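Reviewing the structure listed below.
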Amino acid sequence: MPLPRPTPPTRWSSKGGPTHDCRSEANPNARIGALHRFDRGLDVPRRRRVRAALSGGPRSGKLSHPHTAEGVHLGAAFLTGSDPIARHGGRVLVDQLRRHRVDTIFTVPGEAFLPVLDALCDEPLIRTVTCRHEAGATIMAEAHARLRGEPGVALVARGPGATHASVGVHNAAESSTPLLLFVGQVPTGQRGRGAFQEVDIEALSAPLAKWAVEVEHPEHLSQVTARAVRVAREGRPGPVVVSVPEDVLAGQVSAPDAPAAAPPSRPAPGREELTEIRSLLERSHRPLVMVGGGTWNADAARALTSWAERNHLPVAVSFRRQDFLDNRSPCYIGHSGVGIVDSLAARILQADLIIAIGTRLSDTATKGYTLLEPPNPKQTLVHIHVDPKELGRVYQPTLGICAGTPETLAAIAATPPLSDRPWRDWAAAARSDYEATLLPPPAPGAVNFGEVMTYLDSRLPPEAILTNGAGNYTLWPQRYYRFKQYGTQLGPQSGAMGYAVPAAVAAKLHHPDVPVVAISGDGDFLMTGQELATAVQYDAPIIVLVVNNGMLATIRMHQERTFPGRPSSTDLDNPDFAAYARAFGAFGATIERTRDFPPAFEQAVDSRVPAVLNILVDPEAILPHATLSEVRRQAQTG
């Protein structure tokens, strides 16, 4: 039975104040931060009030940046003039980050960067979030960057810290997200000796990052940091890894700080290129727009909506980029990523013109390079991307344009709408195909996860943020939840498990007044589930849905397709996830029937603390449209 339509959603609101773990005699009266919560009048639980009082300060809150004509007000210690005062390298690094308006640093502390921690102790404009694993720290920094539109910052220690953090670095590269990872390194005098936890950070990070560098002198810290910010933001954004030896951070520096890196300047299409796009559209009968990539912002999303709707153009979004266009728009026709529906795949194959904006037309966006035929697609292809290396990398475009996505959409949205649009019926049919996929079919077992998603689609406000990790369970929110505005979907382009919970924590810290729901599989959740402790510590009441089917479903599905009836190493004997949550001081409940979800979700909302809903799903529910047994039988019969 479908779930009843929920009552109008509760207004999600919170209060917050400046946050910092360090307190000094100069700040003895720091306010205790209020719990980010639904506005239903319940005070912070007594246990948490006592803990906050005993800790001497707040654990959560939004930050505001007072500005001057030159930028952020930086205080007496910030140096730009000709009368330098000696500072240690840790202070220089923090001052330079503050000069670039960094507001949050995610870290797992290490002795290799004690001077940085010392500088952060009395830095009121940068919030320090202590994470429980370095992968969690870099994932949080990457998610923070995507929501804020500026580089995220993570700080970890050498060897084990850097290797743990590499998961987030790789995802930032795949997601085109600007990320700065600072790694405390062994002293320069011990390099090459096999010192404790020594790793060549540059060699380790170079294949993953846009730039990997080690700072050799304290005087270089400021300039290297400014360059790292510029490299992370320019062109196709991505991660930069900076290795900083202990003695460089401890060394004294008298030089002034480097100027802040200028905002990136990206090219826009020229008049001739815009005219050519218009000419191709005028000759087309079945055009289709494909969008994706990592250089988007809210203005770009609005421009896309304006251009597409004025010209009745069907738009398909790339893998986990569904928030680029309101899914309720008549022009939205679905996503072309993993789990693409057959009707949309057929539309892309039938199109006579593809206008690809921002997307690299990667493996995941093209169903393994089958929706367009490499190297010369049958469809006329306009490919617009900010990185010239992506133009012609897989597909030879009819028209290739090196330009930024926001710049492209602003320019193209400013052109007059076409007077003749013979594709209107084609576009309307594509939209009808999409709408036909929104009703979940019956599912095996007592929980229909598709109906859970349609409930959330009606229950949550448009600004709600959904995060997910990796696994077959992500197909349900991608198909049955409609993303309604830009900046509301966070998922790993790299396919990394463990993304959902850290990303949700970062989202809730950045947007405390917005509901944040993390969706994890049972295997995915325990990759980074310990970051639930971070959510509790910093009063970030995320709600985590754990889709518990007792197996690594994606691998099991591939096993049944390749070696039917011979599963191996994919069964999971899980803990009680609800009890696990309660052990952290979070809310926990187990869902055994579809109809139990709405009241449990409301209880999680009312708890005003982080929550985990352990949803028991039948292992047969392997795909939205097929059971595990059906997958096996199809493989056995060929």
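Only the coordinates and a few stated rules stand behind these numbers; no lab work does. What you see is a predicted model, and the numbers here were worked out from it, not measured in a lab. Every residue, glycine as well, gets a Cβ built from its backbone with ideal geometry; the counts of neighbours run over all protein chains shown.
Overview of results
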| read-out | value |
| --- | --- |
| In Hz, Karplus ³J(HN,Hα) per residue of region 303-316 (6.51, -1.76, 1.60; θ = phi - 60°; x = Gly, Pro) | 5, 4, 4, 4, 5, 5, 6, 5, 10, 6, 9, x, 10, 10 |
| Chain lengthening between residue 203 and residue 432 when straightened (0.36 nm per residue, less Cα-Cα) | 77.4 nm |
| Beta bridge orientation in the chain: antiparallel %, DSSP, nearest 5 | 10 |
| At most 15 other Cβ within 10 Å, DSSP loop - trypsin sites (Lys or Arg not before Pro), region 552-638 | 593 |
| At most 13 other Cβ within 10 Å, DSSP loop - chymotrypsin sites (Phe, Trp or Tyr not before Pro), region 191-298 | 196 |
| Pairwise FRET efficiency - residue 576 versus residue 602, Cβ, R0 = 22 Å, nearest 0.05 | 0.55 |
| Theoretical FRET efficiency, 1/(1+(r/R0)^6), r = Cβ-Cβ of residue 111 and residue 420, R0 60 Å, to 0.05 | 0.30 |
| Distance (nanometres) between label positions extended 7 Å along Cα→Cβ at residue 378 and residue 265 | 4.5 |
| DSSP-loop trypsin sites (Lys or Arg not before Pro) across region 313-389, with at most 14 other Cβ within 10 angstrom | 328, 378 |
